[in-house]
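Right, one structure below, let's go through it.
Any read-out appearing in this document is the output of simple, stated calculations on the displayed coordinates, not a laboratory observation. Just so it is clear, the structure is predicted and the values come from calculations on it, not from any experiment. With ideal geometry, Cβ positions are generated from the backbone for all residues, glycine too; neighbour counts draw on all protein chains shown.
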Amino acid sequence: MSPDTALSDATGTALSDAAASAHDRDAAHVMATYARRRPVFVRGQGTVLFDADGSTWLDFLGGLAVTGLGHSHPAVAAAVREQAGMLQHTSNLFLTEPMLGLAERLADVTGWDDARVFFANCGATANEAAIKLARRHGKSIHPDKVRIVTLDRSFHGRTMATLEATGQPEKHVPFEPLMGYVDTVAHDDPAAVAAAVTDDHCAVLLEVVQGEGGVRPIDPAVLAAARTACDDHDALLIVDEVQTGIGRLGEWFGFQTTDVVPDVITIAKALANGLPIGACVAHGPAAEAFGPGDHATTFGGNPVTAAAANAVIDTIRNDGLLHTARVRSARLTGALDGLAARHDLVSGWRGRGLLLGVELTQPVAPAVEAAAEADGLIVNAVGDDLVRLAPPLTVSNAEIASAITILTNALDHASTT
Ligand SMILES: *Cc1c(COP(=O)(O)O)cnc(C)c1O
């Protein structure tokens, strides 16, 4: 998007020489898959990001709902430092303590005594593991039980299998042909989900709040229909908790804010507060579906990333951050109600916990994103008419108040351009 130079100059966030040079180097030698934003950050602390010139931004995006404890959390930094100085990698031919401790913690926070974990490297590879697990489970029942059902506007990753499971056809087109193993149905129609699942399906894969697809909480009736259809057809209900897990919705996992218990969940983004990690957690018969040699990845369960994840879980528990997230969510959504009442451009908000979307009455979300950034607030436009907010669980009331002030100014700016 084109930078608003006048506004940037007025607020002191015009590109510095260092940032301009970084963008030039990116263009020269990094593949052009990302539309980069302007600031180049060198440091972060809590909710605040700093560039090389010492300019600061309030981060209400958290690296895409990743830095749930805020930037550079001391407990995570200490765990990484300590583990990196002790043992960095062994491969899965050998056991390491941080991986074992993380599997036990995940069994604890899911509430599943018989939970078993496969460690992956990110959200997409956690979902790949879940899809392969569901196939393995399905094929043990009958050989054609390999198809999965997903919802439109879903997002499950960018590998070939997870791309196909992503209910956004515009993302498929450049990479067709796909494998043809996915049936995508409307995200808001319980009858459609019920009708789609057959004995040839091994799983339904869905998010309880669609993140990338527009911060859209799932209709409880759709979730219930998916659970019933899976039970009726011996399919696994997989909830993709990559964005909603690890406290983002005010519970450890998004499903814990609903009445439904899945067979499998996938986790990634916030699990290690920014280090690359993914996990596929199953219980019941699904937990037994993989045997030796069925799936593997070199870095899965890496001691350094697992130590970081252990520090994240312990910090959330010891600091009572699930409760904090619920309290801050109430504060932030209350402020958004106020904003909707007094600003023509805002019709309301949607989402849950600290994964929220500000609904706009006009397609100016990219302009709001740019104006907020120029004024010291990082948020992101999801589509044309929604601004996503995903601050850390630790966000303070004062930071919420500042963010609302900047967002109001950004809306004013967007409505006059
Ligand atoms: C981000 C995301 C993914 C993909 O995770 P990566 O780590 O980018 O591979 C999958 N599912 C959901 C719900 C996500 O938000």
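Our compactness index for the stretch 119-277, the C-alpha radius of gyration over the empirical 2.2 N^0.38 Å, is 0.95. Dipole orientation for the chain: of the candidates Gly300, Leu93, His23, Leu93 has the Cα lying most toward the positive pole (charges on Cβ; Lys, Arg +1; Asp, Glu -1).
Rounded to the nearest 20 debye, the dipole size of the stretch 305-417 about its Cα centre is 480 debye, using +1 on the Cβ of Lys and Arg and -1 on the Cβ of Asp and Glu. Globularity index of the stretch 194-292 is 1.08 (Cα radius of gyration / 2.2 N^0.38 Å, N = number of residues).
The Rg/Rh ratio for the stretch 1-153, using Cα coordinates for both the radius of gyration and the Kirkwood hydrodynamic radius, is 1.07.
The mean of 1/r over all pairs of different alpha-carbon atoms in the stretch 42-87, once inverted, gives a Kirkwood hydrodynamic radius of 11.6 Å.
Computing FRET efficiency as 1/(1 + (r/R0)^6) for Arg317 and Thr33, where r is the C-beta to C-beta distance and R0 is 30 Å, gives about 0.25. By its C-alpha gyration tensor, with a ≥ b ≥ c as the square roots of the eigenvalues, how is the stretch 346-417 shaped: rounded for a/c under 1.5, else prolate for a/b larger than b/c, else oblate? Judged from the Cα gyration tensor, the stretch 346-417 comes out oblate (a/c at least 1.5, b/c at or above a/b).
Relative to the longest principal axis of the Cα atoms of the chain, the long axis of helix 303-318 makes an angle of roughly 70 degrees. Restricting attention to the chain, close to 60% of DSSP beta bridges with both partner residues there are antiparallel.
The convex hull of the Cα atoms of the stretch 85-170, projected and averaged over all directions, covers 8.4 nm².
Under a model in which nothing but the beta-carbon of Lys, Arg (+1) and Asp, Glu (-1) is charged, the stretch 152-264 shows a dipole of about 440 debye around its Cα centre. The tail of the calculated P(r) for the stretch 283-414, taken as Cα-Cα distances beyond 17 Å, holds 66 percent of the pairs. Only Lys, Arg, Asp and Glu carry charge here, each on its Cβ (+1 for the first two, -1 for the last two); on that basis the chain has a dipole of about 620 debye about its Cα centre.
With r as the distance between the Cβ atoms of Ala18 and Phe175 and R0 = 30 Å, compute the FRET efficiency 1/(1 + (r/R0)^6) and round to 0.05. Given R0 = 30 Å and the Cβ-Cβ separation, E is 0.25. Classify the stretch 158-245: rounded, prolate or oblate, from the alpha-carbon gyration tensor (a ≥ b ≥ c, eigenvalue square roots; a/c under 1.5 rounded; otherwise prolate if a/b is larger than b/c)? It is oblate, given that a/c is not under 1.5 and a/b is not larger than b/c.
For the chain, the longest principal axis of the alpha carbon atoms and the long axis of helix 123-139 meet at an angle near 20°. The simple spin-label model puts a point 7 Å past each Cα toward its Cβ; for Ala341 and Asp26 those points are separated by 4.0 nm.
The gain in end-to-end length when the Ser402 to Gln45 segment is fully stretched comes to 126.9 nm, 0.36 nm per residue minus the alpha carbon separation. Let me test this: with uniform point scatterers at the alpha carbons of the chain, what is the Debye-based log₁₀ I(q)/I(0) at q = 0.09 1/Å? Debye output, listed in q order: -0.56.
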